[in-house]
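*Asks:* Can you keep this structure in mind? I'll have questions shortly.
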Amino acid sequence: VQLQASGGGLVQAGGSLRLSCAVSGRTFGTYGMGWFRQAPGKEREFVASVTWSGSNTDYADSVKGRFTISRDNAKNTVYLQMNSLKPEDTAIYYCAARISRRSGVGYQIEYAYWGQGTLVTVSS
């Protein structure tokens, strides 16, 4: 599985961005996709996840009500719509494929095939 994240950029606080993650290769055996982010000087953290069916989505408390994760299986693409952006959302955003369901949706150990990341900068 290969993942290519895109859509990052510079935006003012209160603005919006949509990230995309193009998925190629065999996804057989994976359960869905997730977005994580890593801010400067901080550890990478869970943002959102979605199953391939789209029936289940999960969000970190810090982004609930502002971010929406979705997938387009026909285009093999997963999106992260980010609204009402805040300076604290500034980070490199990574997409990853979920390969396990043992620990919980927010645990990085559940994910593999990480994309290269796309930088989101929110100015105040």
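The values are calculated or read from the model by the stated rules, or taken from the named source; none is laboratory data. Every value quoted in this text rests on a predicted model; they were computed, and no experiment measured them. Backbone-built Cβ (ideal geometry, glycine too); neighbour counts: all protein chains shown. Side chains are part of the model used for accessible areas, which takes the heavy atoms of the whole protein and leaves out ligands, DNA and RNA. Shrake-Rupley method; radii C 1.70, N 1.55, O 1.52, S 1.80 Å.
*Asks:* Tally up the residues in the range 45-67 that are at pLDDT 95 or above, open to solvent by 70 Å² or more (accessible area, probe 1.4 Å) and in contact with a strand residue (DSSP E or B) (Cβ under 8 Å, 6 or more places away or on another chain), please.
*Replies:* Qualifying residue count, the range 45-67: 1.
*Asks:* Among the candidates Leu10, Leu3, Leu80, single out the residue that is loosely packed, with under 14 Cβ neighbours inside 10 Å, part of a strand (DSSP E or B) and not hydroxyl-bearing (Ser, Thr, Tyr).
*Replies:* Leu10
*Asks:* Follow-up. Run Ala74 past the list (1) over 26 Å from Leu10 (Cα atoms); (2) touching a Ser or Thr at 6+ places or on another chain (Cβ under 9 Å); (3) at pLDDT below 95 and report the number of the one that doesn't hold.
*Replies:* Among (1) over 26 Å from Leu10 (Cα atoms); (2) touching a Ser or Thr at 6+ places or on another chain (Cβ under 9 Å); (3) at pLDDT below 95, Ala74 violates only (2).
*Asks:* Continuing with the same structure: I'm trying to understand the selection: among the residues of the range 83-105, which are under 18 Å from Ser55 (Cβ atoms) and either within 13 Å of the chain's Cα centre (by Cα) or open to solvent by less than 60 Å² (accessible area, probe 1.4 Å) (or both)?
*Replies:* First pass over the range 83-105, keeping only residues under 18 Å from Ser55 (Cβ atoms): 97-98, 101, 104-105.
Within the range 83-105, Ala97, Arg98, Gly104, Val105 meet the criteria.
*Asks:* Restricting attention to the range 109-120, does a residue exist that is touching a Gly at 6+ places or on another chain (Cβ under 7 Å), open to solvent by 30 Å² or more (accessible area, probe 1.4 Å), modelled with pLDDT of 95 or more and not charged (D, E, K, R)?
*Replies:* Yes; the residues of the range 109-120 include at least one that is touching a Gly at 6+ places or on another chain (Cβ under 7 Å), open to solvent by 30 Å² or more (accessible area, probe 1.4 Å), modelled with pLDDT of 95 or more and not charged (D, E, K, R).
*Asks:* Let me ask something else about it. Within the range 7-17, can one find any residue that is closer than 18 Å to Arg98 by Cα and modelled with pLDDT of 95 or more?
*Replies:* Applying the first criterion (closer than 18 Å to Arg98 by Cα) to the range 7-17 yields none.
So far as the range 7-17 goes, no, none of its residues is closer than 18 Å to Arg98 by Cα and modelled with pLDDT of 95 or more.
*Asks:* Could you count how many residues in the range 24-39 are farther than 16 Å from Val50 by Cα and outside any loop (DSSP other than H, G, I, E, B)? Steps first, answer last, please.
*Replies:* Step one: list which residues in the range 24-39 are farther than 16 Å from Val50 by Cα, which gives 24-26, 38-39.
From the residues that got through so far, the ones that are outside any loop (DSSP other than H, G, I, E, B) too are 24, 38.
Residues in the range 24-39 being farther than 16 Å from Val50 by Cα and outside any loop (DSSP other than H, G, I, E, B): 2 in total.
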